[in-house]
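Input: a single structure, listed below in C-alpha cells.
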Amino acid sequence: MDSKLVIISAPSGSGKTTIVKHLLDSGLNLSFSVSATTRAKRDNETDGEDYFFLSVQEFKNRIKNNEFVEWEEVYKDLLYGTLKSELERIWAIGKNVIFDVDVKGGISLKNKFGTDAIAIFIMPPSVAELENRLTKRATDTPEKIRIRVDKAKDELKFADQFDTVIVNHQLDKAKEETLKIVSSFIGR
Ligand code: 5GP
C-alpha cells in the first residue's frame, strides 16, 4: 500500500485540531478522515466536513453492519468512530489519511495498520493548562469541561504506546515539530 496513515491523538484541548489543520495545509497530500459521532453538532461545525453527525440508532446500525474500522464510546453515551467508507474514499483519490481520534482509537488504528501508520500523541504541558485552554475555548459547559479534564488525566497514561510524543508548550513550535516528523514519515 502506498498511502500512509497519520494518527493524531491527544486529550481534548491539547491543540490537536490546530495541529491537524496545519498538516492538512502543508502540501503533504493528506486528506482528513471524517469520523461519525453521536454528539451534538457545535455551531462552527459542518455535517460531512467535521463529522458525520448520526443518531444513536444510525450509529448502532452501522456497528451492526460492520461499517467501522474502529469505534469508541469516547465519553459516556457519546460514540465516535472511523468509517471504512472514509478510508476507501481517501485511498481512491490516492491520498494519505490523517485521523483525529481519541487515545484508544489511535492505538487500535496503529495496531491495525502497523508500519504504514505513524501514531503521534500531542501532550498538553500540564493538566492545569489543559483546563485553562478548555475554559478559554468556551465551547463546553463547566460540567463538560470537568468530564474532559478527568478523561485527559486517564489518557495521559497511554502516551508511551505511541510512536512519538509531542509536548505542546507553545503551539507554533508543536505545529512545526509535528510537521517535520510527518514529512519525514511520508517521504520515506
Ligand atoms: P470532540 O467532541 O472534541 O470533537 O472529540 C472528542 C474526542 O473524540 C477527541 O479526542 C477526538 O479525537 C475523538 N474522536 C473523534 N473522532 C473519533 C473516531 O473516529 N474514533 C475515536 N476513537 N475517537 C474519535
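Points worth noting:
- Averaging Cα coordinates gives a centre for the stretch 98-150 and one for the stretch 54-79; these two points are 19 Å apart.
- 3J(HN,Hα) from dihedral phi, the stretch 105-114, Karplus parametrisation 6.51/-1.76/1.60, rounded to Hz, x for glycine, proline: x, x, 5, 4, 5, 4, 5, 6, 9, x
- For Ile122, the residues whose amide H sits under 5 Å from its own are Ser9, Ala10, Ile166, ignoring neighbours fewer than 5 places away on the same chain, with H placed 1.01 Å from N.
- Rounded to whole numbers, the Karplus 3J(HN,Hα) couplings from phi for the stretch 153-161 are 4, 5, 5, 4, 5, 9, 3, 6, 8 Hz, using 6.51 cos²θ - 1.76 cosθ + 1.60 with θ = phi - 60°, and x at Gly and Pro.
- For Glu70, the amide hydrogen comes within under 5 Å of the amide hydrogens of Thr82, counting only partners 5 or more places away or on other chains and with H modelled in the peptide plane.
- Three-way shape label, the chain, alpha-carbon gyration tensor, a/c 1.5: oblate
- Extension gain, Asp77 back to Thr46 (0.36 nm per residue minus Cα-Cα distance, nm): 9.0 nm
- Report summary: the helix-based calculation at 222 nm, which adds -39500 (n - 2.57) for every DSSP H run with n ≥ 4 and divides by the residues of the chain, gives -13000 deg cm²/dmol.
- Filter on Lys16/Lys136; Lys41/Lys157; Lys84/Lys157; Lys41/Lys175; Lys110/Lys175; Lys95/Lys175 - keep pairs with C-alpha separation over 19 Å: Lys41/Lys157; Lys84/Lys157; Lys41/Lys175; Lys110/Lys175; Lys95/Lys175
- Per-residue 3J(HN,Hα) values for the stretch 54-70, derived from phi via the Karplus relation 6.51 cos²θ - 1.76 cosθ + 1.60 with θ = phi - 60°, read 10, 6, 4, 4, 4, 4, 5, 4, 5, 4, 4, 7, 6, 8, 9, 6, 7 Hz in sequence order (x marks Gly and Pro).
- All aspartates and glutamates inside 19 Å of Lys180 as judged from Cα atoms, apart from same-chain residues fewer than 8 positions distant: Asp25, Asp100, Asp116, Asp163, Asp172
- Set of aspartates and glutamates near Lys64 by C-alpha distance (under 16 Å), chain-local residues within fewer than 8 positions excluded: Glu72, Glu73
Every number in this text was worked out from the coordinates using simple rules, so none of it is lab data. Every value quoted in this text rests on a predicted model; they were computed, and no experiment measured them.
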